[in-house]
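The values are calculated or read from the model by the stated rules, or taken from the named source; none is laboratory data. Just so we're clear, the structure is a prediction, and the values are computed from it rather than from any experiment. When we count neighbours, we look across all protein chains shown, and the Cβ atoms used for this are built from the backbone with ideal geometry, even at glycine.
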Amino acid sequence: MTKKNPLSLQLNVDDFLPATEDERQSLVQLRPSVSFWKDAMRRLRKNKVAMVSLVIILVVMIFAFVIPSFYPYQYEQQIKGAVYLSPMTYSVDEQAKIDAGEHVFPHILGTDNLGRDYAIRVMMGSRISLLVGIIASAIILVIGSIYGSVAGYFGGLTDLIMMRIVDIIYTVPDILLIVLLSFALRAPMDALSAKPGFQWIQTVGVNLISIFIVFALLYWVGMARIVRSQVLTLKQSEYVTAARALGANSSRIIKHHLLTNCIGTLIVTTTLQIPSSIFTESFLSFLGMGVAIPMPSLGSLASDGLNGINSYPYLLLAPALLISLIILSFNLFGDGLRDAFDPKMKS
Amino acid sequence: MNKNETAAAETQTAHNPEYLVEIQHERLSFFTPAGEVKALNDVSLYVREGEVLGIVGESGSGKSVTAYSIMGLTAYPGRLIGGDLWFNNHYINTMTEKQMRKIRGNEVSIIFQDPMTSLNPVYTIGDQIREVILLHTNKTKQQANDRARELLSLVGINEPDKRLKQYPHELSGGMRQRVMIAIALACEPKLLIADEPTTALDVTIQAQILELMMDLKKKLGMAIILITHDLGVVAGTCDRIAVMYAGKVVESGPTDDIFYHPAHEYTKGLLQSIPNLNEQEHKRLIPIEGSPVDMLNPPAGCPFAPRCRSCMKICLNRPPEYTHLTDAHFSACWLLDKAKFEAQGEEKN
Amino acid sequence: MAKYIIKRVILAALTIFLVATITFFLMHTVPGGPFVAEKSISAQAQAALNEKFGMDKPILIQYKNYMLGVLHGDFSLSLKQRGWSVADIIRSRFPVSARIGGLAVLLALALGIPLGSVAALNRGKWADNLIIVLATCGIAFPSFVICTVGMYIFGVHLGWLPTFGLTSPAHYVLPVFALSFYPMAYITRLMRSSMLDVIGQDYMRTARAKGLSQTRCLFKHALRNAILPVVTYLGPMLAYTLTGSFIVEKIFVIPGLGGQFVSSITNRDYTVIMGTTIFLATLIIVMNVIVDIVYKIIDPRIQLK
């Protein structure tokens, strides 16, 4: 028996013994499998940009929906003598009150041309913008996905007709139609708002209703197309066929497959639709076709602020920057969601 | 010689001028965000002028990576980290990009697996053939066109004038592959690399394309490196075969030797797994158990060890060295060393 | 090919007809007509005006007359700008918008395509990250924000550029740049993802294998393929530029058609609204058809139906 020198490269008879199963298996590395959702959420959490955007969105939500309830000023409240105050200054009257020992909450963003506290107006403006964005996107989601899945599922002539209609709607210029519609609906809406139970139309504003109506009429087509193509692909996808070949009970397992894949796309598309809707709403509000005064929208605030751009830039910059921040955050978060659900699509 | 070349000349191993292609102990890795993927872990092979070498192995074994490295086409983030590459007496390791461009398409050409995606869809066939001719020769556009027509006839495409004006999507799969061959042969290269040229084609077209390649080889006297996972393809066309697994050449030799006297367990497994037409009915197929290696963490010993039915303890710990069974036939397997060792032991006793 | 063109043209014509009809009937749902709001008009004067503008006739007759007029390029007279015909208004104001819009489109293409390509070629490096950030901001910030903030920084604060009117070349800078911002950002992103897709294609490998240099490969093989999606964007980009002009012309006080449209809404100048709507809609629809046809021509893979 040759002595074994640990440093030598010489071969040892023992080395040639057959390896055991365990020794072989130790070399095989298997990565643990994760479920689809856990995997997606993990990827999302790792995405710093998306997480930061989510935080910003939550902060803005609090800013828009929670804080106004605790705020000492109302958005339509006009304070006499406190016109065009710069941020963090007081009017003469208010200063007098402070000197007398009263506590006057500071105007963090100053006041506007009618003496209204600007901070609360910006908050309410954000609330309107966010509400419009979310409600409009919800409308689009519902109409679009129903339409798209029906077209995709039934196929054939139904699909053909439905998609032709989509093509025509696609060609109609949306902004023009919104403008016209809000214009034309004004009178009938006014008449309707006079009736009992419909007073809310006055506060919300005819224009806003028109915006929602037009969203419901026109903007769902993008969603419909996406859902339809998803349904079509999934109908023919190999794992559906494979599931069937394995004897799967068609409705349950196929719904399981279809839904899991569709939901990802639906969530992403809806999340990305929100900033788009907010974009459109602010655009229209800026042109004066948005919410009715005195209710503010970030777009209308910016439009009003434009007049005083030389002397009171904060009236313009605050809403402008805030709406940019909101839209940007939603876009970035939506992008993050898309990357999380389908990393193959990552560019 | 510039600085790089002098330095290299001091450390490189000697090159055998008989060989058109000589690769010695090549190591190549891809530096990805996930880590270093050791794609090639000591690859050695050679090709003589006018010879057909078949490189066989499963997906991920490094066959294509090896071939691309000869042409300097290694994709980012891949990098050569060891070994010597010689082609046509050029020392590839130290060649600049400009020098490589001169030999690409000119002295060495390559045809790829999927002819549909390998041809640019927005340019005509004629454009794409003329491009390579005009790049490497001094011909005029008209002369290049004539040559293109000539090439199409050479590869067996009729109505060449009509075809030259067509776009890739207007041709069938087999015709597109012929066009790829025409482009590859335009400058009469000494070496043609065929990366799975028939995998994407129907079986009958496969046979035609292979026949065409062999025919052209005879006519033009070029060498061919044929990369494939299909042993059937290799059997009829190649002079020599190199079997690759997990970035290493595990066995190499003349075709007959490999087929009739396989030495490596992997080669044996491959040959065994081919279904036999003449076999009795209901005979079970014999696959190779296990799954391919994770190239981020290649094992310390022989890469095939976990799947090898004759795996020994030493196989798990140390990579086997090459043992020559004949002058031309060698294999990297501890079983061969074991036989030698036992023989030595007997001698001593 | 011809069949395809005819199909598209017919579809376009139908849509224009539809838009014109919808516009007409929407305008006429407002009760009392356009002159109701005028305080200073007596009932008789109102009746006279209604007669002059043909508004006393039954609605379908009005519709027929109007549509026939439109076919001849006659959009009737402006209700509020006395003496001006709608067609004249469009004729005088459209060139201004066209100039600014055209420059914006050119700028968007001239900067967007190279930026997107540079980003794709430097994927993961600082140039790419910077460009992505800028492009994402560009598509997120509403146009009125770009306009107003730009106006504030360059016009008010720094005082480098004029903020309203269009009397000198310097006046064009802010409006054109502000209008081009969104399409430029969109094209950058589009070009980047398209280029990334193309670079990874097999035919790029074939081109390198032939011995082409990186530059040649990029310009000859990659660009030609990567630019195709940008061509499809031309249609929507034009529509955006038109609607974007509403904002830009309002903010920078530019005498273009967009601004006219917005003010005629506030003024309830129905005929101008109708005429402008039909004109703009027709423009958008026609441009879309042209872009579709051009795309089919330059991409040989498309099967023409």
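A few comments on the model shown:
- The stretch B:121-160, residues that are away from chain C (no Cβ under 14 Å), farther than 22 Å from B:ARG101 by Cα and part of a loop (DSSP other than H, G, I, E, B): B:VAL155, B:GLY156, B:ILE157, B:ASN158, B:GLU159
- The set of residues from the stretch A:304-324 being buried (at least 24 other Cβ atoms within 10 Å of the Cβ) and at the interface with chain C (Cβ under 10 Å from one of its Cβ atoms) comprises A:LEU316, A:PRO319, A:ALA320, A:ILE323.
- Residues of the stretch A:272-297 satisfying the condition of being within 20 Å of A:GLN78 (Cβ to Cβ) and surrounded by 24 or more Cβ atoms within 10 Å (Cβ to Cβ): A:VAL291, A:PRO296, A:SER297
Per-residue answers, yes or no, for (1) surrounded by fewer than 20 Cβ atoms within 10 Å (Cβ to Cβ); (2) of a type in the set (Phe, Trp, Tyr); (3) in contact with a Phe, Trp or Tyr (Cβ under 6 Å, 6 or more places away or on another chain):
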residue: B:ALA300; (1), (2), (3): yes, no, no
residue: B:CYS311; (1), (2), (3): no, no, no
residue: B:ARG318; (1), (2), (3): yes, no, no
residue: B:TYR322; (1), (2), (3): yes, yes, yes
residue: B:LEU325; (1), (2), (3): yes, no, no
residue: B:TRP334; (1), (2), (3): no, yes, no
residue: B:GLU346; (1), (2), (3): yes, no, no
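- Residues of the stretch B:29-51 classified as in contact (Cβ under 8 Å) with a residue 60 or more places away in the chain and either under 16 Å from the mean Cα position of the chain (by Cα) or in a loop (DSSP other than H, G, I, E, B) (or both), total: 13
- When residues of the stretch A:161-181 are limited to those that are under 24 Å from the mean Cα position of the chain (by Cα) and more than 7 Å from every other protein chain (Cβ to nearest Cβ), the one surrounded by the most Cβ atoms within 10 Å (Cβ to Cβ): A:ILE178
- The residues in the stretch C:228-237 that are more than 10 Å from every other protein chain (Cβ to nearest Cβ) and surrounded by 18 or more Cβ atoms within 10 Å (Cβ to Cβ) can be counted, and the count is 4.
- Scan of the stretch A:50-97 for residues that are touching a Pro at 6+ places or on another chain (Cβ under 8 Å) and under 15 Å from A:ASN113 (Cα atoms), ordered by number: A:TYR75, A:GLU76, A:TYR90
- Residue within the stretch A:185-207 that is assigned to a helix (DSSP H, G or I), at pLDDT 75 or above, within 14 Å of chain C (Cβ to nearest Cβ) and closer than 30 Å to C:MET274 by Cβ present: no
- Output for the stretch C:117-132, where each listed residue is farther than 16 Å from C:ALA226 by Cα and charged (D, E, K, R): C:LYS125, C:ASP128
- Scanning the stretch C:206-224 for residues that are facing another protein chain (nearest Cβ under 7 Å) and surrounded by fewer than 19 Cβ atoms within 10 Å (Cβ to Cβ), we see that the one that is nearest to B:ASP127 (Cα to Cα) is C:ARG224.
- Residue in the stretch C:251-263 that is more than 14 Å from chain B (Cβ to nearest Cβ), part of a helix (DSSP H, G or I), on the phi < 0 side of the Ramachandran plot and more than 24 Å from the chain's Cα centre (by Cα) present: no
- Where a residue in the stretch C:127-144 is more than 10 Å from chain A (Cβ to nearest Cβ) and its partner, wherever it lies, is surrounded by fewer than 20 Cβ atoms within 10 Å (Cβ to Cβ) and assigned to a helix (DSSP H, G or I), with Cβ under 7 Å and at least six apart: C:ALA127/C:VAL118; C:ILE131/C:VAL118
- Test result for B:LYS162, farther than 17 Å from B:LEU73 by Cα and free of Cβ contacts under 8 Å to residues at least 60 places away in the same chain: yes
- A:LEU328 meets each of the listed conditions (1) at pLDDT 85 or above; (2) surrounded by 22 or more Cβ atoms within 10 Å (Cβ to Cβ) apart from (2).
- Candidate set: the stretch B:310-338, residues that are in a loop (DSSP other than H, G, I, E, B) and over 25 Å from B:PRO254 (Cα atoms); chosen: the one farthest from the other protein chains (Cβ to nearest Cβ): B:ARG318
- Where C:THR167 falls short, out of the listed (1) farther than 26 Å from C:ASN129 by Cβ; (2) part of a helix (DSSP H, G or I); (3) of a type in the set (Ser, Thr, Tyr): (2)
- For the residues B:SER172, B:SER118, the requirement of being closer than 22 Å to B:ILE205 by Cα, surrounded by fewer than 17 Cβ atoms within 10 Å (Cβ to Cβ) and of a type in the set (Ser, Thr, Tyr) singles out B:SER172.
- When the test is whether a residue is within 30 Å of C:LEU179 (Cβ to Cβ), at pLDDT below 70 and buried (at least 19 other Cβ atoms within 10 Å of the Cβ), C:LEU79 passes it.
- Single match in C:TYR172, C:TYR240, C:TYR186, C:TYR203 (criterion: in a helix (DSSP H, G or I) and at the interface with chain B (Cβ under 10 Å from one of its Cβ atoms)): C:TYR203
- Close pairs from the stretch A:59-74: first within 13 Å of A:GLY125 (Cα to Cα), partner among the hydroxyl-bearing types (Ser, Thr, Tyr), Cβ under 7 Å, at least 6 apart: A:VAL60/A:SER126; A:PHE63/A:SER126; A:ALA64/A:SER126
- All positions within the stretch B:132-154 that are touching a residue at least 24 places away in the same chain (Cβ under 8 Å) and surrounded by 17 or more Cβ atoms within 10 Å (Cβ to Cβ): B:VAL132, B:ILE133, B:LEU135, B:HIS136, B:ARG147, B:ALA148, B:LEU151, B:LEU152, B:LEU154
- Boolean, B:ARG307 is in contact (Cβ under 8 Å) with a residue 60 or more places away in the chain, touching a Ser or Thr at 6+ places or on another chain (Cβ under 9 Å) and either at the interface with chain A (Cβ under 10 Å from one of its Cβ atoms) or charged (D, E, K, R) (or both): no
- Residues satisfying the stated conditions in the stretch B:113-123, i.e. closer than 14 Å to B:MET175 by Cα and either in contact (Cβ under 8 Å) with a residue 24 or more places away in the chain or touching a strand residue (DSSP E or B) at 6+ places or on another chain (Cβ under 8 Å) (or both): B:GLN113, B:ASP114, B:PRO115, B:MET116, B:SER118, B:LEU119
- Matching entry among A:ALA96, A:ALA119, A:ALA100, A:ALA138 (being farther than 30 Å from A:GLY222 by Cα and modelled with pLDDT of 85 or more): A:ALA119
- Filtered by the rule that a residue be more than 14 Å from the chain's Cα centre (by Cα), closer than 24 Å to B:HIS136 by Cβ and more than 8 Å from chain C (Cβ to nearest Cβ), the stretch B:101-116 gives B:GLU107, B:PRO115.
- Whichever residue in the stretch B:1-33 is at pLDDT below 75 and of a type in the set (Gly, Ala, Ser) and, among such residues, is surrounded by the most Cβ atoms within 10 Å (Cβ to Cβ): B:ALA8
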